[in-house]
Amino acid sequence: VEASLGDSALQTSLQAALIGLIILMAYLIVMYRLPGFLANLALNVYAIIFVALLKLPLFLFSSDYIVLTLAGMAGIILSIGMAVDANILIFERMKEELHRGKSIKVAAETGFKRAWPSIRDGNVSTFITCIILFSIGTSIVKGFAATLGMGVAISMFSAIVVTRWLLGFIARTDFAEKNAWLFGK
């Protein structure tokens, strides 16, 4: 593939990823209301961290930068999906707790606690796959494995730390209990 064709494919995939991300963010808000909005904020944190890592010289050890390829874009898109999946698992568990009559604060804490094993197992198996692909793959496969591995690590941070903090912060306020419908209650 010549450079101009590869650049065109990369630009097209970036555009497709952006359109998909906008649709995904709208879906999260429609389906999960306020928690979906908070997940979108966490996804923005994910994107900022990922772009910052891509723009830094190779982990500050070299003056070279990471070059984004089409396979690398596929890894990023898949890791975005895993970040959204983690949030959906948390919110569905939270909904279950709300339907059992628990307060929003308790439902949020329990939702994170009950979703964690599924999130952990899915991400650990993906990391193992990334290590295997990186160790035995060609350069294209290594690029996919590297971006997927970085993305999964960042997505775990954004879903478990950022979303948890934002949701916990809101759940501890009077606003949450007065507007329980925003949480699907």
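The values are calculated or read from the model by the stated rules, or taken from the named source; none is laboratory data. Since the model is a prediction, treat every value here as computed from it, not as a measurement. Don't worry about glycine lacking a Cβ; one is built from the backbone with ideal geometry, like all the others, and counts go over all protein chains shown. Calculation scope for accessible area: heavy atoms of the full protein, side chains included, ligands and nucleic acids excluded. Shrake-Rupley method; radii C 1.70, N 1.55, O 1.52, S 1.80 Å.
Values for this structure:
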{"quantity": "Restricting the stretch 132-168 to residues that are closer than 19 Å to A115 by Cα and free of Cβ contacts under 8 Å to residues at least 40 places away in the same chain, the residue that is nearest to the chain's Cα centre (by Cα)", "calculated": "A153"}
{"quantity": "From L58, L5, L34, L78, residue being modelled with pLDDT under 90 and within 24 Å of R164 (Cα to Cα)", "calculated": "L78"}
{"quantity": "Some residue of the stretch 117-137 being buried (at least 20 other Cβ atoms within 10 Å of the Cβ) and small (G, A, S)", "calculated": "no"}
{"quantity": "Tally of residues being closer than 14 Å to L54 by Cα and touching a Ser or Thr at 6+ places or on another chain (Cβ under 9 Å) across the stretch 132-148", "calculated": "4"}
{"quantity": "Residue within the stretch 175-184 that is under 30 Å from A52 (Cα atoms) and surrounded by 16 or more Cβ atoms within 10 Å (Cβ to Cβ) present", "calculated": "no"}
{"quantity": "Check on A145, farther than 22 Å from M25 by Cα and open to solvent by less than 20 Å² (accessible area, probe 1.4 Å)", "calculated": "yes"}
{"quantity": "Residue in the stretch 94-103 that is open to solvent by less than 70 Å² (accessible area, probe 1.4 Å), in a helix (DSSP H, G or I) and basic (K, R) present", "calculated": "yes"}
